Amino acid sequence: MLGFHVERLLAEMNRLLALLFHQGVLDEQFLQLQQLQDESSPNFVSEVVNIYFHESEKLLKNLRALLADRELSDYKRMGIHLNQLMGSSSSIGAKRVRNVCVAFRAASDQTNWPGCLRALELLEYEYCYLKNNLHELFQVEQQRILASSVRHPVHQQQHPNNH
Amino acid sequence: MKPTSCIVLRPVSCLFFLMFVLLSLAGLLIPLWINRVTRIESQVNLIVYNINQELFSGIERTSTLFSPINASAINLARFLSSSLDENELRSSSHIQSKVAHTLFLALSTVPYVSEVAYIGLDGLFFGYYVKGGQPFALYSNSTFSSTQNAPKDFTLYAQPANGTGELYGEAIMFPPSDIFNKIWFQSAPNNSNVYASVETDWADSQDLMLLVNAGLDRRGAVTFGYPVKSFIDFFTAGVCFYNGSLILATKDGIMLTEGIPNTQMILIDNRVSFNLLGPDGDRVGRAVGNITCHSDEGMLTDSVTSIWGSKYVISCSSVEIAGLQLVYVLALPYSRLSAFIHNNIMSAFIFLMILIGFMVITICTFVYLIVIAARREMNLCGALIKQMEATRQAERKSMNKSLAFARASHDIRASLAGITGLIEMSHNIVPKLDPSGPELHTNLLQMEACNKDLLGILNTILDTIKIDASKMQLEEEEFDIDRLLEDVVDLFHPVGMKKGVDIILDPYDGSIMKSSRVRGDRVKLKQILCNLLSNAVKFTSEGHVVVRSWARKSSLETGILASNKSYSLMRRISCLFSQVDRAYSESEVVKSIQLDPNCMEFIFEVNDTGKGIPKEQQKSVFENYVQLKETSSGTQGTGLGLGIVQSLVRLMGGEIEIMDKEIGEKGTCFRFNTFFSICSTDISANARDVDVEAHGGHISSGSFRHSGSINRTQSPKSEASQVILLLQSAKRSVILQNYMERQGIKVHTVKQYHQLSPTLKKIKRKLGLSQYSSSAKSDVNSRSDAHTSHASSTRSLKEVPLSALDGTDNDLLFHSNPCTMGSLVSFILIVIDTGAGPFREISRAIAEFRRDLNNGCCSRVVWLDKPGSESSNFRGLGEHALPQSDIVMSKPFHGSRLYQTISLLPELRGMPLPRKGETSHDVENIDPLRVASPSGSTINITKKDVKEQSSEDDVFRKVEEIKEQKTGKVKPLTGKKILVADDDPVGLRIATSVALQLGAVTSSCRNGEEALELVCKSLKDETNTRASMNLKPFDCILMDCEMPVMNGIEATRRMRQEEGFYGVHIPIVALTAHVRGEEIDMMIEAGVDDLLTKPLNKENLMKAVSKFIF
């Protein structure tokens, strides 16, 4: 019964991943990331993603602050932030966030304040969407690992290789 | 309830049955008895009747005896009549002379006669009587005829007679009336027949006399007088009356005997009645009894009459004595025989009845008591059932409670986890928001600590509940027991160090290493060890804690002894007993484990030098909720720890105990054993197969395992390697020395740091002597390593420059050691604890030692450093810089670090290390791949070993290849140093990971300036130590373009400038998120070798790096 439970969780995870890929939220870089996870760093993906969220949150905050005043907007710094966000997003394979970043960058390059604002909103939306989904994914994974480690401790060891 | 009623009824019915049997027996026997008794009674009656009859017949018989009395009278009469003629009888003188003589003769001869007389018809009378023995003669002188008309004149004279009848003395006038008045006197001479009557005697008329008259042919009569008393005596003497009395009376009513005292019998017309008389002879009351006397014999009628309170059976009959008709009455006391028997029988019957009644009562009482007891028992039974029900209910309740408790605890744990998360979040937020940060921060830290404690307590409680509910189950998994031990010890090492307690992992005989890959419950074993260790650390304030473990074959004895039947039987019995003994039912599990041929027994010992546990408390320590009094105040905890440990150990089939320490030794020693089955994975199975073929020795199941160490050290090389130990902890050095010596390594222990120098000198002297001879013998030990030769070829031992030694990129390619190029003589490994003494002095001693070391000898130094202050000692060393061959390790020096160090020794080289290399952070780690690199040639120690060695290396290579194929992890960048410079933590982390997975060693910095500094420094150091050497501090630099402080472009430009001075070129790969040209152009302009667009992954990194690395 519990084995079935594990199976179900795995299916759920795969479904979620497939959905995210299908929607273009993630790209193959995420899979690369998962491949980097092994025995020496079992929580690599979640660790990296958490760092990403941490950084992104900061960047988004900064971006919002920068866009607060239309006149005083520092487009150059905005560009740097965006560059960073873009880099990290691409690193974890958050495709849509990255794309929005590119658009944002373009808008900032043109000093298009309303465009930037719109882009920021979109960025935030995308970011939240990504965050929620990834959180869900990790949660399911946690459960799966928990369940499988409880019942099938052996499987757990081999699981990183299966990805 | 049914069985209870049965319980009651059984004895009761049994008793009823008994009673029934008894009563029926009585009912049967009593009539029988009564029948018997009545027969006896009738018999007795018959006997009584017979006795009566006898009496009567006796009386009759006696009465017949009196007939001779008559006869003597008749005979005398006949004689007189014949002897006397009528004349003679007329005169008194004749009579006196003739008759008197005859009469006197008759008086003296006939017995009993007391009176005798002759009466003539004419009135002549002559007689004798006896009075007081003196006979008297009584006679009349006158004839009857003459005095017929005057009877008053008829005188009688009494005159005494002498012995012959002669009269003498004086004749006295006898009052005649007495005699004449008697009827007989007149009638007697007229009767010719015999006639008897009862009269008073002649002498004084006091005694009754029986007078018998016999006629004398009408002329006269003869009278004999007998006293009645003599008759009566005759009767009473002849017949026994059984206390009865015989009353005789004449028909006229004259009583002859006395009869019943105080009574007077009255006889009227054959009827007898008694008058009761008072003491003075007066009649009292009316007559009693009225008995008819029957003359005909045999028809005796008895009647019972009560006289004076006592009953008499009175019977009456008539009898004739000497012609006298008499009536006799026989009065016998009533209650003599039959009544007595009847009474006795009655009383016996009553006794019997009483007995039966008593028995019945007893049985009834008995039954009653039993019923009461049974009822009580029934009540008790009912109470018991009720109690049991209640107990069951309570048990169920408690179980539910504990379940609910467990569930609640689980929920609590979830909330605690939430709190932990929140605290962590608060941690991150606080510094930004609150200027009064520090206080809040410390509060948060405390909260976190509290939370952790709470979680710990909760976990122990949960464990206890689990164990109580016997829900705890072993979760078997494959794990490395050796590694587990090391992890646990490492975990506690910092804690111990903080307290000044050294925690030492004692490899003991190395048996754990040989069979470290086991199958069992890793988590629980870890829990046990952690618990014991934390206890040991907690209660030890100084000294050390030694964790020792070894494995032994447990299944061996059963295997061998299985053939011995009786013994196995004994064993089985003992097993049974042990099952009983054990409170835990897991013993079956144990048995099954022990029977498993793969099963090994692992024994662990945690030995501390703390305050110890008093002997009397050693048992109670393992009970739940028990804490030692004096310790509980100072330390917290629930007291569940050891209880859980014991439960867990038992769950795993082992037993935990406190070992006795030798006197004088402080502390406690816990020892427990567990059973694990040695497992063999696919790879290791392969490896083992191959190994067995090639080596014939043993190899452990792990793919990277230390094996065959003993075999190797048996090689006949006398100048074996030497190890010099200088450690802070004496205990640790003793343990290590023991271990190494067991492995066949010669060990010198230096106790004080100032002894180091002398010791080293001594060793050097020795080496100097033996060097040549040994070098001649020793063979070529060519170890040309493909990818290391280029780096090490030009280095010489003495002037090895301190290469990049910042704790991050220590190159430990020990096989690049130049001494291996030549012939190997001896290898000296020096292990030094930096905390053992002033570092400078030690390093000076080492440097001195090295300086004069000849070529044939080679040495390596392993520095042990504190984990926290990484290489603090090594900064700014100046002229005492460490050679590159030196290894810096962080403490504690045991487990894998120990194995690594040992594997530096040539004897053990080429062997796989016990453990795989870890992350890049562990700078002192030696990658095993570099030891047995597939591309590297084999390492031969002696000629003799060449074959073995190579074959063994083949084995490892094979194993390695298999592993690589399986995991798909080929590590092409093995041994490369890569510097990653990125300000984005995500990017940095990913880049590091990618490089790591490819096998490279990475360093990281957050901005361009840092990177530049690092590179510059490395370059400078290298120049200092090694002139004109084409050695790069990094094999590659990954440079992000946009960074704060100094961006990638600037950094690259500056680096290129720096490199120019040293004549090296470090490949720089630029990383950028840009796709557009501007920045890329700038980077290329700055001098990057390649350009990578983010995201970075293995493929594109490899593609970029391979261009200039290979």
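Just so you know, all these numbers are worked out from the coordinates, no wet-lab data involved. All of these numbers come straight from a predicted model, not from anything done at the bench. Neighbour counts are summed over all protein chains in view; Cβ atoms, including those assigned to glycine, are modelled from backbone coordinates with ideal geometry.
Points worth noting:
- Subtracting the Cα-Cα distance of B:Phe358 and B:Leu28 from their residue separation scaled by 0.36 nm leaves 117.0 nm.
- Across B:Lys746/B:Lys891; B:Lys432/B:Lys538; B:Lys432/B:Lys977; B:Lys452/B:Lys498, pairs whose alpha-carbon gap is larger than 28 Å: B:Lys432/B:Lys538; B:Lys432/B:Lys977
- FRET efficiency for B:Ser347 and B:Ile385, using Cβ-Cβ distance with R0 set to 56 Å, rounded to 0.05: 0.50
- For the pair region B:358-397 and region B:972-987, the centres of their Cα atoms are 87 angstrom apart.
- Peptides B:411-419, B:249-257 ranked from most to least packed give B:249-257, B:411-419, packing being the mean of other C-beta atoms within 10 angstrom over each peptide's residues.
- Backbone amide hydrogens, once placed in the peptide plane, bring B:Val272 within less than 5 Å of B:Ile291, B:Thr292, B:Cys293, excluding anything fewer than 5 places away on its chain.
- Residue-averaged beta-carbon neighbours from other chains (10 angstrom radius) around A:74-82: 1
- Cβ neighbours within 10 Å from other chains - mean over B:1040-1048: 2
- Relative to the Cα centre, the charge distribution of region B:378-521, modelled as +1 at Lys and Arg Cβ and -1 at Asp and Glu Cβ, gives a dipole magnitude of about 920 debye.
- Three-way shape label, region B:458-542, alpha-carbon gyration tensor, a/c 1.5: oblate
- Table column - 3J(HN,Hα) (Hz), region B:508-525, Karplus curve with 6.51, -1.76, 1.60, x for Gly and Pro: 6, 9, x, 5, 5, 5, 5, 10, 8, 7, 10, 10, x, 8, 5, 4, 6, 4
- By the count of neighbouring beta-carbon atoms within 10 Å, fewest first, B:Leu474, B:Leu996 end up ordered B:Leu474, B:Leu996.
- Residue exposure sequence - B:Tyr157, B:Tyr118, B:Tyr328 - by fewest surrounding Cβ within 10 Å: B:Tyr157, B:Tyr328, B:Tyr118
- Inter-chain Cβ neighbour count for A:29-40, averaged per residue, equals 5 (cutoff 10 Å, partner chain atoms only).
- Peptide packing: for A:130-137, B:1092-1099, the average count of neighbouring Cβ atoms within 10 Å per residue gives the ranking B:1092-1099, A:130-137, highest mean first.
- Given A:Lys58/A:Lys131; B:Lys666/B:Lys731; A:Lys131/B:Lys1103, the pairs whose alpha carbons are separated by over 26 Å: A:Lys131/B:Lys1103
- Per-residue HN-Hα couplings for region B:606-614 [Karplus 6.51, -1.76, 1.60; θ = phi - 60°; Hz; x = Gly/Pro]: 10, 10, 10, 10, x, 7, x, 10, x
- Over chain A, relative contact order from alpha-carbon pairs under 8 Å, at least 6 apart, %: 33
- Here r is the Cβ-Cβ distance between B:Ile51 and B:Asp269 and R0 is 35 Å; the resulting FRET efficiency, rounded to 0.05, is 0.75.
- Per-residue [θ]222 nm for chain A (sum of -39500 (n - 2.57) over DSSP H runs n ≥ 4, rounded to 500): -29000 deg cm²/dmol
- With one equal scatterer per alpha carbon and no solvent term, the Debye-computed log10 I(q)/I(0) for chain A at 0.12, 0.20 1/Å reads -0.58, -1.20.
- Taking amide hydrogens as placed 1.01 Å from N in the peptide plane, the amide H of B:Phe174 sits under 5 Å from those of B:Leu156, B:Tyr157, B:Ala158, each at least 5 positions away in sequence or on another chain.
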